[in-house]
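This report concerns only the one structure given below.
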Amino acid sequence: MFKSSFAKHISAFVLIIFASFLILSGIISTMIRHYADDSRKEKLDMASKIVIDYINDEAIVNLDIAIRNGVLPKIIEAMVRTDPQYDIIVANAEGEIILSSITEGEEELDVGKHLGDLPEGLFEPAEDETYLVHNGDLGGFLPEKSMVFLREVIISGETAGYVAALASAVREDNLVSITRNALMHSAIWVMLAAFIAAYFITERIVHPLRVMTKATKEMAKGDFSARVTVYGSDEVAELGKAFNNMAESLDSLEKMRNSFLANVSHDLRTPMTTISGFIDGITSGAIPPEKHDYYLGVISAEVHRLSRLVSQLLDISKLESGERKFSFTEFDVAELARIILISFEQKIEEKRLDVEFVSEDDEMLVTADKDAIHQVLYNLCHNAIKFSNEGGKFIISLSRIQGKKVKISVFDEGQSIANEDKKMVFDRFYKTDKSRGLDKSGVGLGLYICKTIIDAHEENIWVESEENKSCEFIFTLKEAQKNQKKK
């Protein structure tokens, strides 16, 4: 029935308010009735006791005498005049009414019945059983609904008659009815106000959702340019900001994917064209035999280049699918860094770099996957050397930090990374001329692989860069237990 969020919110508001006023009406009505009943009980109890006490105190031997001497009627008349909310009836032992303060006009109301003729079961004993009580019209005996207190008149140990003190309940019923009507009218106005408030509140919540739904449909078609206008700083605004961030990320990812496809196509096509051309030249005799070795070397280099590209793509696939399993062992990361540094000796000499190797101890034991960390450190050193200025500094440093960790840093003086690129430099396929992703022949996967490996170790990797001066990549590893004991 209620398919939209708007209808659901409105219905919920109305139902809650209606139920609240219904419960409130019941509570107030019950409170009024209890208060009125308690007040009537107190008055009727006191009134009936006054009459009974007079009869007992005056040692009256017969009710007829008490009525004929005129004292009892005057007492009852004074009591009723003082508080006209209740009446008193006096009946003899046979139940015949002999005195009543209930009047209709100027005459006494002659009910024409005896109290003894009342249907059985109308009266119930009070808690202390000193009187009987009834709520109603005594089976039509009284002109309106009333509360009745009935007490026996005991003279000389025998029942000489009855005194009934009664008070109408019509006023309380009318008050309850008026209260309920007032509450229902209030409920209608409150529900109307709630409907208007709910409309604007719900519309404020639902409108961004409608926009997001429309934008999501556009994204499904490949258009990632849609954005949501954000108002305020509440949860809906946060959702809008998150949606915009997601759209921006998807847009960037789509651009990187397109760039990746273009780069991969180029990087696959170029070496394959080179290999094919040189092989055709050799087999056709266009390339003289004395140059075969040279061109075979070129072909070998291009094959290795293709192999590296395919290896990176396979690494990405294994890392993302969880197929690549890491074997955590304790090893000396300082020794690993020295071996990697030596492997770049030729390239370092070609750029005449000023190399520094700084380690807090000769041996820095960590717990990690040795092959994976070799891949990370090798990639960072390769990038650092490639983008270093000729004759610039190249520093590898290792030190312990708080949290029983080892910090490894690769620093170079050369091309820096712009602030806007820092948060994306580890993204998959991200590659610009300013970034430190990989060289221009790469496809932007190296640093993504490094980040994925370090994340799998539950450690951190980040970059610090000083504009137009230097760049430093840093990552952490868990220090080995054996190393901790030595300290």
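The values are calculated or read from the model by the stated rules, or taken from the named source; none is laboratory data. Not measured: the values here are computed from a predicted model. When we count neighbours, we look across all protein chains shown, and the Cβ atoms used for this are built from the backbone with ideal geometry, even at glycine.
The table below lists the values:
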read-out: Some residue of segment 247-265 being under 30 Å from residue 16 (Cα atoms), loosely packed, with under 13 Cβ neighbours inside 10 Å and not small (Gly, Ala, Ser); value: no
read-out: For residue 140: the one exception among (1) more than 15 Å from residue 95 (Cα to Cα); (2) part of a strand (DSSP E or B); value: (2)
read-out: Residues of segment 80-119 satisfying the condition of being surrounded by fewer than 13 Cβ atoms within 10 Å (Cβ to Cβ) and modelled with pLDDT under 70; value: 103, 104, 105, 106, 107, 110, 112, 116, 117, 119
read-out: Condition check for residue 200: part of a helix (DSSP H, G or I) and either within 30 Å of residue 29 (Cβ to Cβ) or modelled with pLDDT under 80 (or both); value: yes
read-out: Cβ-Cβ under 6 Å pairs, at least 6 apart or on other chains, segment 185-199 side farther than 11 Å from residue 17 by Cα and not assigned by TED's automatic domain parsing to the domain that holds residue 15, far side assigned to a helix (DSSP H, G or I) and of a type in the set (Gly, Ala, Ser); value: none
read-out: Residues of segment 41-61 classified as farther than 18 Å from residue 166 by Cα and either crowded, with 16+ Cβ neighbours inside 10 Å or at pLDDT 75 or above (or both), total; value: 3
read-out: Filter pass, residue 338 being among the charged types (D, E, K, R) and modelled with pLDDT under 90; value: no
read-out: The one condition in (1) at pLDDT 75 or above; (2) over 60 Å from the mean Cα position of the chain (by Cα) that residue 135 fails to fulfil; value: (2)
read-out: Within segment 385-410, tally of residues that are closer than 20 Å to residue 466 by Cα and assigned to a strand (DSSP E or B); value: 10
read-out: Residue, surrounded by the fewest Cβ atoms within 10 Å (Cβ to Cβ), within segment 452-470, restricted to residues that are within 31 Å of the chain's Cα centre (by Cα) and part of a helix (DSSP H, G or I); value: 455
read-out: Qualifying positions in segment 189-210 - of a type in the set (A, V, I, L, M) and surrounded by 13 or more Cβ atoms within 10 Å (Cβ to Cβ); value: 190, 191, 194, 198, 201, 205, 206, 209
read-out: Filtered residues of segment 366-384 (kept if in a helix (DSSP H, G or I) and hydrophobic (A, V, I, L, M, F, W, C)); value: 372, 373, 376, 377, 380, 381, 384
read-out: Residues located in segment 270-291, provided they are more than 26 Å from residue 309 (Cα to Cα) and exposed (fewer than 14 other Cβ atoms within 10 Å of the Cβ); value: 283, 284, 285, 286, 288, 289, 290, 291
read-out: Some residue of segment 160-169 being assigned to a helix (DSSP H, G or I) and buried (at least 16 other Cβ atoms within 10 Å of the Cβ); value: no
read-out: Checklist (1) at pLDDT 80 or above; (2) assigned to a helix (DSSP H, G or I); (3) in contact with a Phe, Trp or Tyr (Cβ under 6 Å, 6 or more places away or on another chain) applied to residue 11, failing item; value: (1)
read-out: Residues being assigned to a helix (DSSP H, G or I), surrounded by 13 or more Cβ atoms within 10 Å (Cβ to Cβ) and free of Cβ contacts under 8 Å to residues at least 24 places away in the same chain - total across segment 211-236; value: 3
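For every residue, the table says whether it meets (1) farther than 30 Å from residue 399 by Cβ; (2) over 46 Å from the mean Cα position of the chain (by Cα); (3) at pLDDT 70 or above.
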position: 257; (1), (2), (3): yes, no, yes
position: 298; (1), (2), (3): yes, yes, yes
position: 314; (1), (2), (3): yes, no, yes
position: 324; (1), (2), (3): no, no, yes
position: 334; (1), (2), (3): no, yes, yes
position: 344; (1), (2), (3): no, yes, yes
